[in-house]
Amino acid sequence: MEDDRFMKIKSLRVYRKILDGIVAALVFIMLLTLMGAVVGLLFDFIGAINAVRAGVPTHTLSHGLIDSVARDLVIDVLSVFVLIELFRTFTDYLEFQRIRLRVLAEVGIAFVLREIFIGLYNHSIEWAEILALTALLSVLVAARITSVMFQPGDVDASSSRRSTTGPPP
């Protein structure tokens with residue numbers, strides 16, 4: 001009986017070490033991806049400046065050029081924000097040995113906002129899609145608020161709040 005329990009504990013330690021190694025490798029890959037995205041954003045920005053400089057002579061052409069270059073830069077910047085949130089999820093897992101609902105909700109919020117902003121900026125989003133994304137955004141915000149109010153380990157959130165604030169008035 002004691003040997004079975006010892007074997008389970010030992011297997012869980014090995015499992016956790018392997019999992020930590022995999023997550024650490026993923027964090028390294030995400031860091032490289034994030035650095036690549038930022039470098040790509042810088043190259044896109046430099047390319048945008050050069051494209052605008054080269055296409056400025058005619059007013060109507062430059063307006064379309066600036067609009068398309070700005071659209072690409074906005075999409076790139078929003079994508080970097082989503083990558084940052086994903087990177088934070090992996091580092092949060094390494095720190096707490098679990099994925100917290102609050103962090104996942106924040107990643108989802110960033111991604112949904114990215115999609116809404118891109119659709120609105122491109123003028124390509126339908127009203128039904130806006131409604132669906134808004135409903136999803138509302139659920140994610142509610143999940144984030146709930147996860148902040150009721151942290152894991154709090155058996156009764158209201159009694160823990162009362163005990164930390166002192167005696168009731």
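The figures follow:
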| quantity | calculated |
| --- | --- |
| Test: residue in the stretch 7-29 that is surrounded by 11 or more Cβ atoms within 10 Å (Cβ to Cβ), among the hydroxyl-bearing types (Ser, Thr, Tyr) and in a helix (DSSP H, G or I) | no |
| Matching option when the condition is at pLDDT below 75 and part of a helix (DSSP H, G or I), among ILE75, ILE84, ILE66 | ILE66 |
| Residues located in the stretch 116-145, provided they are surrounded by fewer than 17 Cβ atoms within 10 Å (Cβ to Cβ) and not hydrophobic (A, V, I, L, M, F, W, C) | GLY119, TYR121, ASN122, HIS123, SER124, GLU126, GLU129, THR134, SER138 |
| Within the stretch 117-147, tally of residues that are at pLDDT below 90 and within 17 Å of the chain's Cα centre (by Cα) | 3 |
| Any chance ASP92 is in the same structural domain as ILE22 (by TED's automatic domain parsing) and farther than 28 Å from ILE22 by Cβ | no |
| From ILE125, ILE130, residue being in a helix (DSSP H, G or I) and farther than 21 Å from PHE28 by Cβ | ILE130 |
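The values are calculated or read from the model by the stated rules, or taken from the named source; none is laboratory data. Nothing here was measured: the structure is a model prediction, and the numbers come from that model. Heads up, the Cβs are rebuilt from the backbone with ideal geometry, glycines too, and the neighbour counts pull from every protein chain shown.
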